[in-house]
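The values are calculated or read from the model by the stated rules, or taken from the named source; none is laboratory data. If you're wondering where the values come from, they're calculated on a predicted model, not measured in any experiment. Virtual Cβ from ideal backbone geometry, glycine too; neighbours counted across all protein chains shown. All accessible areas refer to the heavy atoms of the entire protein, side chains included, with ligands and DNA or RNA removed. Shrake-Rupley method; radii C 1.70, N 1.55, O 1.52, S 1.80 Å.
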Amino acid sequence: MSTFRLGVDIGGTFTDAVMMNESTGEIRLVKMSSTPSDPSVGFINVIERILEESNVPARSVTYNVHGTTVATNTIIEGKGAKAALIATKGFRDVFEIARQIRPKLYDIFCDKPKPLIPRALCFEVPERLDFAGDVLAPLDEKKVREVARRIKREGVEAVVVCLLHSYVNPVHEKRVGEIVREEMPGVFVSLSSDLCPEMREYFRASTTAINALVMPIVSRYLERLERRLMEIDLRAGLHLMTSAGGIMSSQVARQQPVNLIESGPAAGVAAATHLGSLLGPHNLISFDMGGTTAKAGLVEGGVPKIVPHFEVGSAAVSENRSAGYPVRTPVVDLVEIGAGGGSIAWVDPGGGLRVGPQSGGADPGPACYGKGQTEPTITDANLFLGRIDPEYFLGGEHKLNPDLAVNAIGFLARKLDLQPVEAARGIIEIANANMVGAIRLISVQRGFDPRDFMLVAYGGAGPMHANALARELHIPKVLIPMSPGVTSALGLLVTDIKHDYVQAHIRPMEAIDFDKLTQEYQSFERQARDVLRSEGISEADISFSRSVDMRYVGQSYELRVEAPSRDLKPGDEGKLNAAFFEAHQRAYGYAETSEPTEVVNLRLTALGRIRRPQLRRLATGGQDSAEAVKGVRQVYFSEAGKRVACKIYDRYRLRCGNSVPGPAIVEEKDSTTVIHPGCHAAVDEYGNLMIQESH
């Protein structure tokens, strides 16, 4: 009997399910509207439907992975659990003070983000450690019990413990956690020394507080999912995508839900990385455009770029730093902007056309959905310009109303004193300009030349815009995978189990104790082995990679540098310094090789390799793609300045070796690919479309 892998990705507009036959590589997909009021409903709906349509019994599913936005939405919407903070005496105002910077430097009326925990629920306990972790004042356990009882009377669900210098010596924090659990059985407790053993008090407190705020919500959500999965007899267990582009079990996710904040977006980068490993190019820019946002990531040498921290919150999806809450956990480096198919076009007070970040989301969606939206969106503009077949949206399952798109764009055009076609073109051009800016942020501003990369475009709307973006950025080749609308869900099926560990270790390079470093890394590896074995990973499939955070002595922030996989020894200082200078040159444009450096943090990434399913190969055909042509449609292209006759291709009838000359539209159930004049697409053995300039 065949066995199957199942991936479910919940986005702001659609919930996607992908099921892969492990023997044949055959993929089935289902795309349904998300259920924002209770995402678990959409999760079970797509699973039940894909099993029914495929006639596959639930017990045949051997691997089940989920990408979720529950943790993110909880913080953005301010719906976290009621939580309290226990801090060192004199430091209860850590959330009130936060950082001495504003989201908008010269706006004196700009409000800082609301404190994660109100001051009335922030409590102090007498204790003190110095910077080296030595005890200056012992922990007053009697006072801790008094505070725990006060917190209990407040009806708090979660408790955050963040004491000074606990990243060096966690003894006081761990004892506070023990006492709180004794006094408040069943309460959710988050210790900063467990989640973020790094210096910088506010960052550590913020990370721990976000974990505590989402802990009860994520735990209840996972319990609902697992209960429903048992009811439908799907017993494969549940894994979740992490922000760092790995997989963790639901048991681990319950304790560390902060690692799920960027769960969904990371899956798409994982899929792009996997495609790159199959096809050969190892330098990729991933571009994911869905219904609500567009996201760009970067893969160098076959490895996604990972950063040690990010921000989350309703104002964090912007170019402004300090607009959200800092999270000190590893995350796939992504730039995200409010430009999706449902992003709304509007006129600003100065009479200029703007697009996004407001979105129609899943409900009401674009105007052409017929759910009450009256303002035009990017999807309406694409429909108006002929790029989308209103009868074949989602394979004909969800028909669009072009008259409603015409009305919405016409209303906007009258405001701007433009012809409707000019207004629709303006919506697309402005959206493209915004997305080009996002790709520049992830590449040029990180020290990378986009001309050295291949663009991998996916998401329901990504393939419609990718060719134009690549032209603007002079990216030589664009890859459109099969079923791009569910690529993020596919990424869930090809990702290894992954856990990250970090420990502050602040030492000048010339004073490094390499024996101490070895002990720290070996401790990480023991912890990681225990966790990975509990998740069913064999010893042969476990691997580790080591890195260090370094900076110049006196510098405020550090850069991550890969370290040798073997134990470090005296004499390795030069190798670490050379790697740091190279990273500094790339990030900042210079490197002072004569300046002293220091180590700040030690990091270890533990991987549990899974067996990757094979993608199905296409039958081979010649260059002629005439058999896949399903019709001709008038489509507007900016470079032509008018509508031109455009062949429409059925992607499912294309064969390996086929060539599709532009201008052309390639349609499939979950997405539409636009190939511009002067370009062509070649079909590879896996069915990917490789778009490039014609010569």
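Please report the net charge: other residues with Cβ closer than 11 Å to the Cβ of Gly360, K and R +1, D and E -1. Could the numbers behind the result be given before it?
Numbers: positive: Lys371; negative: Asp363, Glu375, Asp380.
Once all neighbours under 11 Å are counted, the net charge is -2.
Tell me the mean residue ellipticity at 222 nm calculated for the chain from its helices only (DSSP H runs of n ≥ 4, each -39500 (n - 2.57), averaged over every residue, nearest 500).
Numbers: 16 runs with 212 residues, N = 695.
Estimated from H runs of four or more residues: -9500 deg cm²/dmol.
Would you give the gap between the C-alpha center of the stretch 579-653 and the C-alpha center of the stretch 395-411, rounded to a whole Å?
Cα centroid to Cα centroid, the span is 31 Å.
Please check which bits of the stretch 39-59 a label hung off Tyr652 would reach, taking the label as a point 7 Å along Cα-to-C-beta and the cut-off as backbone N under 16 Å.
50, 53-55
Find the eigenvalues of the gyration tensor of the Cα atoms of the stretch 626-693, then list the square roots of 5 times those eigenvalues as equivalent ellipsoid semi-axes, largest first, in whole angstrom.
Values: eigenvalues 78, 34, 19 Å².
The answer is 20, 13, 10 Å, longest axis first.
Report, for the chain, the % of DSSP beta bridges that are antiparallel, rounded to 5. Mind dumping the intermediate values first?
Numbers: 90 of 124 bridges.
Of all bridge pairs located within the chain, approximately 75 percent are antiparallel.
Leaving out ligands, DNA and RNA, and with a 1.4 Å probe, what % of the accessible surface on the chain is carbon or sulfur? Let's see the in-between values first.
Values: 14070 of 28300 Å².
The value for the chain is 50 percent carbon and sulfur by accessible area.
Semi-axes of the equivalent ellipsoid of the chain: what are they in whole Å, largest first, if each equals the square root of 5 times a C-alpha gyration tensor eigenvalue? Write out the running numbers ahead of the final one.
On the way: eigenvalues 385, 151, 142 Å².
Gyration-tensor ellipsoid for the chain: 44, 28, 27 Å.
Taking Cα centroids, how far is the stretch 155-176 from the stretch 444-520 in Å?
With the stretch 155-176 and the stretch 444-520 each reduced to a Cα centre, they are spaced 33 Å.
Accessible area per residue of the stretch 497-608 at 1.4 Å probe, in Å²? Could you put the intermediate results ahead of the total?
Numbers: 5470 Å² over 112 residues.
Here the per-residue accessible area is 49 Å².
Using a 10 Å Cβ count of at most 14 others and DSSP loop calls, identify the longest part of the chain lacking such chymotrypsin sites (Phe, Trp or Tyr not before Pro).
Values: sites that count: Tyr106, Phe109, Phe131, Tyr557, Tyr590.
Segment 132-556 is the longest.
Report, ordered by chain and residue number, the lysines lying within cross-link reach of Lys82, taken as a straight Cα distance under 18 Å and ignoring same-chain residues fewer than 8 apart.
Qualifying lysines at Cα under 18 Å: Lys114, Lys152.
Could you please state, rounded to a whole Å, how far the C-alpha centre of the stretch 326-341 is from the C-alpha centre of the stretch 237-275?
A separation of 14 Å, based on Cα centres.
If every alpha-carbon in the stretch 226-269 counts as one equal scatterer, what log10 I(q)/I(0) does Debye give at q = 0.30, 0.34 1/Å?
Rounded to two decimals, the profile gives -0.95, -1.07.
Under a 1.4 Å probe, what is the accessible area of the stretch 75-217 per residue, stated in Å²?
On a per-residue basis, 47 Å².
Would the stretch 75-217 count as rounded, prolate or oblate if I go by the C-alpha gyration tensor, calling it rounded below 1.5 in a/c and otherwise prolate when a/b exceeds b/c, oblate otherwise? Kindly include the intermediate steps, with their values, before the conclusion.
Values: a/c = 1.88, a/b = 1.27, b/c = 1.49.
Oblate, since a/c reaches 1.5 and b/c is not below a/b.
By how many degrees, between 0 and 90 and to the nearest 10, does the Cα long axis of helix 201-231 differ from the longest principal axis of the chain?
Between the helix axis and the principal axis of the chain, the angle is about 60 degrees.
Under a straight-distance cross-link criterion of Cα-Cα below 16 Å, which lysines are reachable from Lys669, leaving out those fewer than 8 residues away in the same chain?
Hits, sequence-local ones excluded: Lys31, Lys399, Lys630.
Can you tell me the orientation of helix 171-183 relative to the chain, as the angle in degrees between its alpha-carbon axis and the longest Cα principal axis, to the nearest 10?
80 degrees
Using a simple spin-label model with points 7 Å from Cα along the Cα→Cβ vector, what separation in nm is obtained for Ala120 and Ile101?
3.3 nm
So for the stretch 626-693: antiparallel DSSP bridges make up what percent, rounded to the nearest 5?
Values: 21 of 25 bridges.
Roughly 85 percent of the DSSP beta bridges within the stretch 626-693 come out antiparallel.
Taking 0.36 nm per residue of sequence separation and subtracting the Cα-Cα distance, how much length would be gained by fully extending the chain between Ala645 and Asp624, in nm to one decimal? It would help to have the intermediate numbers written out before the result.
Working: separation 21, 0.36 × 21 = 7.56 nm, distance 1.89 nm.
Answer, rounded to one decimal: 5.7 nm.
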